[in-house]
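Each remark here refers to the structure printed beneath this line.
The values are calculated or read from the model by the stated rules, or taken from the named source; none is laboratory data. Predicted, not measured: the structure shown is a model, and the values here were computed from it. For neighbour counting, all protein chains shown are included, and Cβ atoms are generated from backbone atoms with ideal geometry for every residue, glycine included.
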């Protein structure tokens, strides 16, 4: 029976049963027993077993047999397997196109219908052709006894088509420990001497998404500089590495590099020939019709305007189709304006319909067959979607390539009950982008959790013909790209329950079982931190220095992660360190550095206003951190992998002032001051931007209460060059001070709290006084020592309640419905979604799927419920996106997540607050309720529409002291 092990992807287990004294042997077993993440199950072992095939044993490696009448791409990739086996075993296997002498063991490779050898095995009944005939990109790998005269046993890799066979070859390479990233990320190949293939029919089945690939885009200066140095141009030598990477990750589709002007077919005519040989399906981007790179357009051909120059454009496009010949291509139809701009200021539907009609006529005339026999896509990118929304249609055989908003939020999907289209639907997604509100090109800021959630949404809505992702320079996006292509092969393999396993599988595969859990945790956290806000959007004002300790926590979280990443690096075997630096360590260190850089600049600016002596320290620190960014980059370029990746991290990323990148990294502005010669005291308190030096109103802490047991900081700082002694006195004995006296050189933070056993009941006011440098500064205290009662749920704190979405008190799941927590998806915690997607919109009533959150209010009155959602765009043709809310047993009210008016900008039709939503990576919906009495209550959240991703809830009362921050306040105390 055929075993489709892609259905058992998550059952992959780490090797624990063999422990060897010598670390080199340990590495051997980890590599073999834990093959790369594109492989859901292992069928190659170090140990011989009954019925296994000795691929390598006792110093011998099985020869490779491939028919010379097979596809040239299959023959080429069989040569890659030969090299892979040599790299693993140090033995170069022979490769033959016929049997010249008897051999006990051979690897036989071929494509059904294109390999005389495979066809003979089919004819003799040794291969079940029904498993492969008529299949798309499928392979089977199996052991056959006495397959041919003179061969005792063979491992037969048979493909249903060219790519099926190639995937089978690369699958075996992966199984023996050759990573898809062996070249592009220097993942080492560990030497092995024993390789035994287990019995059974091994297959990945057919892919669920037909065309799967990526777009090399915005590739200057990083990839461009690297390519020019290594290859001279974007030629076939370069693309050979790209094509191999795509196929090793089971992709099949590419939009080639295009900026600054690139001409895939012209820069090197061998590019297209090589792509066709490999079986790479080529395409062109959303504004490059009929296989023509836009850079090929010459002004001598006239104006890029179909209304005035239709003949010139038709001749241009005809040349593209003639050049294409019979090469496998997805032909882009439609048209945008010159230089990736809108076609016109208005939605010129009639004009674009004429353009598509004429383009299809050219396709038919050049190919000599009906246009519908040539695969085509129409990209509904940016303003083009408006044409579709206003009723423009293309023939049913054309694939509609739906798009995200360039920030990972899908703009449009077919309705759940959409009539099937012959051409189907696809998705164009982004991990990299040039445009507003800012470019983001430097390093990976994408979470696989968001990619999973959005592409799962797309898959459930039937967008499964094409998945293509913009990866910029390729290199910074290795992890995200591999997940994207792994997921595209079979979206049913990964779900909310097992998605976190991907980190461990990937880390284990890439680093040979070394530090697997620790590396997985690093990857999970750094991508979460980076997804909070793109690096290019961060500045000195992003995080609050005064509220909830936000900026300090951001820096500490990153620096803690950097410390762990460095510790792992120290423990890794040397062979993994180049791969580790580029895949893990550099993005962590560089991200930590840039965040600390901006927070240090913020402290410098604030402290300068306060006259602190530490102002100059932070000015110097900004300079040091700016230099460190250069040092990290220089190591990447000059030292890592012996300078192999020079230029690859040269994208500017510091000092953006608008959407476009600066020409060079610009250090944040800092200030230096000349402090007073004498000591002079200043005081600041947590939760306030103000500071005190004896000549302004009293400082006042936020409220202390016995439920939340707050602890606030008072900071004493020096405004002069001489140190001074301080002391803090409290009016009452129930006020506790962590360090009531001491010396201040620059800054001193002291914690103030309440001893609730000594404190009187109910509301009280008091104060502390800070003495130092001849000054006396009072700080007022207000506390509330509540009588203990029956408290249940999240407790109000200074007028607000903060709740992470996953921490619901109860859930209600009617038949067929499930609430799912998507771990790690969220700026501060996890997110919650409602499944299944295919149920679509449902009626709102008290029996709808519901999450309940127990809360306790200290006061009655009007409250504002702020629901923090991922910035999903209304992708549906339905009006609005709805959810329900209620308190207690009241009937739920229907709330429109999509109530903002729409506008047109460079991204087409988007919500009016789109800029802030994607920049902040959150969308907040606020609803008011009236709470009639203090005490315990229940907030209920109901599903109406599918697709909403809830991250956090903030409830703000009339007496709120909610402070302005980027991430919002930390979660409130919960009493069960």
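Scanning region 819-835 for residues that are within 18 Å of residue 495 (Cα to Cα), out of contact with any strand residue (DSSP E or B) (no Cβ under 7 Å at 6 or more places or on another chain) and assigned to a loop (DSSP other than H, G, I, E, B) turns up at least one hit.
Within region 298-308, one or more residues are on the phi > 0 side of the Ramachandran plot and either surrounded by fewer than 16 Cβ atoms within 10 Å (Cβ to Cβ) or without any contact (Cβ under 8 Å) to a residue 12 or more places away in the chain (or both). When the test is whether a residue is over 17 Å from the mean Cα position of the chain (by Cα), within 30 Å of residue 701 (Cβ to Cβ), in contact (Cβ under 8 Å) with a residue 40 or more places away in the chain and surrounded by fewer than 19 Cβ atoms within 10 Å (Cβ to Cβ), residue 552 passes it. Test residue 128 against the criterion of being surrounded by fewer than 18 Cβ atoms within 10 Å (Cβ to Cβ) and out of contact with any helix residue (DSSP H, G or I) (no Cβ under 6 Å at 6 or more places or on another chain), and give yes or no. It is true that residue 128 is surrounded by fewer than 18 Cβ atoms within 10 Å (Cβ to Cβ) and out of contact with any helix residue (DSSP H, G or I) (no Cβ under 6 Å at 6 or more places or on another chain). Residues that are touching a helix residue (DSSP H, G or I) at 6+ places or on another chain (Cβ under 8 Å) number at least 3 in the following strands (runs of 3 or more DSSP E) confined to region 872-930: 902-905, 908-911. I'd like the full set of residues that are more than 18 Å from residue 585 (Cα to Cα), surrounded by 23 or more Cβ atoms within 10 Å (Cβ to Cβ) and over 17 Å from the mean Cα position of the chain (by Cα), limited to region 465-518. Within region 465-518, 466, 489 meet the criteria. Just give me the residues in region 144-162 being touching a helix residue (DSSP H, G or I) at 6+ places or on another chain (Cβ under 7 Å) and either at pLDDT below 95 or over 12 Å from residue 107 (Cα atoms) (or both), in sequence order. Within region 144-162, 159, 162 qualify.
Is it true that some residue in region 154-169 is farther than 23 Å from residue 80 by Cβ, within 36 Å of the chain's Cα centre (by Cα) and not in a helix (DSSP H, G or I)? Scanning region 154-169 turns up no residue that is farther than 23 Å from residue 80 by Cβ, within 36 Å of the chain's Cα centre (by Cα) and not in a helix (DSSP H, G or I).
Candidates 806, 847: the one that is assigned to a loop (DSSP other than H, G, I, E, B), crowded, with 18+ Cβ neighbours inside 10 Å and free of Cβ contacts under 8 Å to residues at least 40 places away in the same chain is 806.
Just one of (1) in contact with a strand residue (DSSP E or B) (Cβ under 7 Å, 6 or more places away or on another chain); (2) over 25 Å from residue 507 (Cβ atoms) fails for residue 437. It is (1).
Residue check: residue 339 meets all listed conditions (1) buried (at least 16 other Cβ atoms within 10 Å of the Cβ); (2) modelled with pLDDT under 95; (3) in a loop (DSSP other than H, G, I, E, B) but one, namely (1).
Given the structure, is residue 591 surrounded by 18 or more Cβ atoms within 10 Å (Cβ to Cβ), out of contact with any strand residue (DSSP E or B) (no Cβ under 9 Å at 6 or more places or on another chain), touching a residue at least 24 places away in the same chain (Cβ under 8 Å) and closer than 21 Å to residue 441 by Cβ? So residue 591 fits the description; yes. For region 122-132, the criterion of being in a loop (DSSP other than H, G, I, E, B), closer than 17 Å to residue 166 by Cα and modelled with pLDDT of 95 or more is met by at least one residue.
Where strands (runs of 3 or more DSSP E) sit wholly within region 679-769, those with at least 2 residues that are buried (at least 19 other Cβ atoms within 10 Å of the Cβ) and touching a helix residue (DSSP H, G or I) at 6+ places or on another chain (Cβ under 9 Å) occupy 681-685. Step by step: first the residues of region 388-420, then only those that are over 21 Å from the mean Cα position of the chain (by Cα) and under 23 Å from residue 470 (Cα atoms), then the one that is surrounded by the fewest Cβ atoms within 10 Å (Cβ to Cβ). Which residue is that? Within region 388-420, the match that is surrounded by the fewest Cβ atoms within 10 Å (Cβ to Cβ) is 388. In summary, helices (runs of 4 or more DSSP H) completely within region 535-636 and bearing 2 or more residues that are more than 25 Å from residue 181 (Cα to Cα) and not assigned by TED's automatic domain parsing to the domain that holds residue 474 occur at 550-571, 586-610, 615-634.
Within the span defined as region 397-410, one or more residues are assigned by TED's automatic domain parsing to the domain that holds residue 241, over 30 Å from residue 495 (Cβ atoms) and either touching a helix residue (DSSP H, G or I) at 6+ places or on another chain (Cβ under 6 Å) or without any contact (Cβ under 8 Å) to a residue 24 or more places away in the chain (or both).
Restricting 238, 243, 234, 214 to those that are on the phi < 0 side of the Ramachandran plot and free of Cβ contacts under 8 Å to residues at least 12 places away in the same chain reduces the list to 238. If you go through region 662-683 and keep only what is modelled with pLDDT under 95 and within 47 Å of the chain's Cα centre (by Cα), you end up with just 675.
When region 45-76 is limited to residues that are under 14 Å from residue 157 (Cα atoms) and in a strand (DSSP E or B), the one that is nearest to the chain's Cα centre (by Cα) turns out to be 55. Residues that are at pLDDT 95 or above and under 17 Å from residue 213 (Cβ atoms) are absent from region 296-314. Candidates 113, 79: the one that is in a loop (DSSP other than H, G, I, E, B), under 27 Å from residue 327 (Cα atoms) and out of contact with any strand residue (DSSP E or B) (no Cβ under 6 Å at 6 or more places or on another chain) is 113.
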